Amino acid sequence: MQDRLVDFNEAGVAVAASTYDKVNQNATFKSSEELTYPLLSDQEAKTVKSLGILNEDYAEGSGAYGVPHPGVILIDSDGKVVLKRAEEKYSDRPSMDDLLEDVKKFVAEAESDDDANAEEDSAE
């Protein structure tokens, strides 16, 4: 993701990542990988549960509990989930090129809808 960060930012998207790891583990990883985007900790799996992406292959109490299905979630400036791609299998992840194209397409459609709504409002 770090390698494509500029592309996502140019598309109008801010990037953040989330794991089920502890905050200090994330801080160490973020530093070692020189990540420049936020790396959040969801140790109790509250976020992945609310987004419906919890991998239920792992029971609560197991070391892997809280692992989400891998994917990307796009949240608009109002906090609404507007695009969710979560894959059942770790190995089925879409390429960064595919994700970027999906995000660009969504952003363009959203901007087009906003423009149309603004035109309607000004016509009234």
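Please find the FRET efficiency linking PHE29 to ASP102, where r is the Cβ-Cβ separation and R0 is fixed at 25 Å, and quote it to the nearest 0.05.
Details: r = 26 Å, r/R0 = 1.05.
Efficiency at R0 = 25 Å is approximately 0.45.
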Original post:
Can you list, largest first and rounded to whole Å, the semi-axes you get for the chain by taking the square root of 5 times each eigenvalue of its Cα gyration tensor?
Top reply: 31, 17, 14
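Roughly speaking, what is the stretch gain from GLU10 to ALA116, that is 0.36 nm per residue apart minus the C-alpha to C-alpha distance, in nm to one decimal?
Values: separation 106, 0.36 × 106 = 38.16 nm, distance 2.27 nm.
Stretched fully, the GLU10-ALA116 segment lengthens by 35.9 nm.
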**OP:** Give the angle, between 0 and 90 degrees and rounded to the nearest 10, that separates the Cα long axis of helix 23-32 from the longest principal axis of the Cα atoms of the chain.
**Re:** 80
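Add +1 for every Lys or Arg and -1 for every Asp or Glu among the other residues with Cβ under 13 Å from the Cβ of LEU100, and state the total.
Working: positive: ARG4, ARG85, LYS104, LYS105; negative: ASP3, ASP7, GLU10, ASP97, ASP98, GLU101, ASP102.
Taking every Cβ under 13 Å from that of LEU100, the sum is -3.
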Subject >> trypsin sites (Lys or Arg not before Pro), loop per DSSP, at most 10 other Cβ atoms within 10 Å - longest free stretch of the chain >> reply: 1-79
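In whole percent, how big is the carbon plus sulfur part of the accessible area of the chain, probe 1.4 Å, protein atoms only?
46
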Original post:
Where does helix 96-123 land angle-wise versus the long Cα axis of the chain, in degrees 0 to 90, nearest 10?
Top reply: 40
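The values are calculated or read from the model by the stated rules, or taken from the named source; none is laboratory data. Being a predicted model, the structure only gives us computed values, none of them experimental. For neighbour counting, all protein chains shown are included, and Cβ atoms are generated from backbone atoms with ideal geometry for every residue, glycine included. What goes into the accessible areas is simple: the full protein's heavy atoms, side chains included, and nothing from ligands, DNA or RNA. Shrake-Rupley method; radii C 1.70, N 1.55, O 1.52, S 1.80 Å.
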